[in-house]
There are 2 protein chains.
Amino acid sequence: MWQNSVMKNIDCIATLINHFTKLQGVGYKTAERFAYQIIESDMDFVKSFSNAMICAKENVKLCRTCGNFSVEENCGICERRADNKTICVVRDPRDAMAIEKSGAFVGKYHVLHGVISPLNKKGPNDLNLKSLITRVRDENIEEVIIATNPDVEGEATASYIAALIKPSGVKVTRLAQGLAMGAYIEYVDEVTIGAAISNRVII
Amino acid sequence: MWQNSVMKNIDCIATLINHFTKLQGVGYKTAERFAYQIIESDMDFVKSFSNAMICAKENVKLCRTCGNFSVEENCGICERRADNKTICVVRDPRDAMAIEKSGAFVGKYHVLHGVISPLNKKGPNDLNLKSLITRVRDENIEEVIIATNPDVEGEATASYIAALIKPSGVKVTRLAQGLAMGAYIEYVDEVTIGAAISNRVII
């Protein structure tokens, strides 16, 4: 078989395919396609791709304050919005980016790097939670918006954080649940419709 | 917006995401996910991934004889099967690999690196075709199996190649069309059912 005989000569391809399969959601066929595309690309592109990986890995750290990705000790958001009194708690940097892109929030973030998930053996101590309590106190925070996903683990994490912060008298809120833009009511699940009705707004 | 302000600081992430979006079928969201995964991986993994790219690009060339990927001047298949009298013509190295994996073919390959496609401005001269004619003659080939895809462009390419080779008296064949393993006849398209009936075999 080619894979067994010739592939020994073309270890490079096999190694590259193998690395691509490590990316989330990439199976063998897709990894093969990516690897062949790399081989067929310009050397310049491959070099800059390869450098971009190393550059990102070497330079991007976690912000000491909020846990978001940053090239400095503190990320740009933490610095520019230092006086803001609202913290939005998210699961990971991607969620922070999604919220930031919406333009609907101009406060600071706090990235948990996970959610409470007994099945994955992740408890509150595995999350970036301790510094949240300190921040709420030291930065005179007035509101904590918990923006974890509206699923079982996200809800459990939200309840846990709420119970932790509420005693200090700080307002704790959760992202609203309801219809997504462009949704078809006939296809929307019961829980979401229930939430949309309970949280209905006057027009 | 984060993308515009902070991202200037985190050029590395933006650059990496941008490179991932260049992979076929990878959109911005997926590229973002890949990039974040790279940042969150071990430095060792990122370094070996990065090296694998360069290694593959630097070492993998096209076989001088068949046009398949190879680290030597001639690929392993061309060398080991030099005496074989059958050539299987495929569109690209991936197709050769798929056929090789099936174990049903033990002859040599010839990789066209494309198919005739007027819409994409690809004519016969843009394919690795000239050397096929030479090979058929010089290697005393007895059969040419044309294994291009059973779509319009693949069929056109097959007809073109057949017309080119047949005058030399060499047998030219095409992969059979019919039901795929595990197919449900009720969902199979008319053309395929037609082909399966015309090409029916005695049991």
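Is it the case that A:Gly123 is within 22 Å of A:Gly107 (Cβ to Cβ), surrounded by fewer than 16 Cβ atoms within 10 Å (Cβ to Cβ) and either modelled with pLDDT of 95 or more or not aliphatic (A, V, I, L, M) (or both)?
no
Check B:Val201, B:Val106 and return the single one that is of a type outside the set (S, T, N, Q), open to solvent by 40 Å² or more (accessible area, probe 1.4 Å), assigned to a loop (DSSP other than H, G, I, E, B) and touching a residue at least 12 places away in the same chain (Cβ under 8 Å).
Every option except B:Val106 fails the conditions.
Scan the range B:29-55 and report the pairs whose first residue is facing chain A (nearest Cβ under 7 Å) and whose second residue is open to solvent by less than 10 Å² (accessible area, probe 1.4 Å) and among the polar types (S, T, N, Q), with Cβ atoms within less than 8 Å and a gap of 6+ or a chain change.
Between residues of the range B:29-55 that are facing chain A (nearest Cβ under 7 Å) and residues that are open to solvent by less than 10 Å² (accessible area, probe 1.4 Å) and among the polar types (S, T, N, Q), the close pairs are B:Ser50/A:Ser50; B:Met53/A:Ser50; B:Ile54/A:Ser50.
Name the residues in the range B:59-76 that are touching a Phe, Trp or Tyr at 6+ places or on another chain (Cβ under 6 Å) and within 9 Å of chain A (Cβ to nearest Cβ), would you?
Across the range B:59-76, the qualifying residues are B:Val60, B:Asn68.
Six or more apart or on different chains, Cβ atoms under 8 Å: show the pairs whose first residue is in the range B:173-185 and in contact (Cβ under 8 Å) with a residue 24 or more places away in the chain and whose second is of a type outside the set (A, V, I, L, M, F, W, C).
Every condition considered, the pairs that remain are B:Thr173/B:Glu143; B:Leu175/B:Pro150; B:Gln177/B:Pro150; B:Gln177/B:Thr192; B:Gln177/B:Asn199.
Residue pairs, Cβ under 6 Å, 6 or more apart or interchain, first in the range B:141-157 and closer than 18 Å to B:His110 by Cβ, second open to solvent by 50 Å² or more (accessible area, probe 1.4 Å). List them.
Within 6 Å, the pairs are B:Ile141/B:Lys85; B:Glu142/B:Lys85; B:Glu143/B:Lys171; B:Ile146/B:Arg174; B:Ala147/B:Leu175; B:Thr148/B:Arg91.
Report the residue count in the range A:126-142 for those that are surrounded by 15 or more Cβ atoms within 10 Å (Cβ to Cβ) and not in a helix (DSSP H, G or I).
Within the range A:126-142, residues that are surrounded by 15 or more Cβ atoms within 10 Å (Cβ to Cβ) and not in a helix (DSSP H, G or I) number 5.
All but one of (1) without any contact (Cβ under 8 Å) to a residue 24 or more places away in the chain; (2) open to solvent by less than 60 Å² (accessible area, probe 1.4 Å); (3) not aliphatic (A, V, I, L, M) hold for A:Asp189; which doesn't?
(2)
When you check A:Asn68 against the structure, is it modelled with pLDDT of 90 or more and open to solvent by less than 10 Å² (accessible area, probe 1.4 Å), yes or no?
Judged against the criteria, A:Asn68 is a match.
Given the conditions (1) modelled with pLDDT under 90; (2) open to solvent by 30 Å² or more (accessible area, probe 1.4 Å); (3) assigned to a helix (DSSP H, G or I), report the number of the one that A:Met97 does not fulfil.
(2)
Looking only at the range A:147-184, count every residue that is in contact with a helix residue (DSSP H, G or I) (Cβ under 7 Å, 6 or more places away or on another chain) and not in a strand (DSSP E or B) and tell me the total.
The total comes to 10.
Return yes or no: is B:Glu79 within 12 Å of chain A (Cβ to nearest Cβ), open to solvent by 70 Å² or more (accessible area, probe 1.4 Å), closer than 27 Å to A:Asp11 by Cα and assigned to a helix (DSSP H, G or I)?
So B:Glu79 passes the test.
Among the residues of the range A:160-186, count how many are more than 25 Å from A:Ser102 (Cα to Cα) and surrounded by fewer than 16 Cβ atoms within 10 Å (Cβ to Cβ).
6
Just a yes or no: is a residue in the range A:8-16 within 7 Å of another protein chain (Cβ to nearest Cβ) and at pLDDT 90 or above?
yes
Does the range A:17-28 contain at least one residue that is over 24 Å from the mean Cα position of the chain (by Cα) and either buried (at least 18 other Cβ atoms within 10 Å of the Cβ) or modelled with pLDDT under 90 (or both)?
yes
The values are calculated or read from the model by the stated rules, or taken from the named source; none is laboratory data. Everything numeric in this text was worked out from a predicted model, so none of it was measured. Cβ coordinates were reconstructed from backbone atoms using ideal geometry, including for glycine residues, and neighbour counts include every protein chain displayed. Surface accessibility is based on the protein's heavy atoms, side chains included, excluding ligands, DNA and RNA. Shrake-Rupley method; radii C 1.70, N 1.55, O 1.52, S 1.80 Å.
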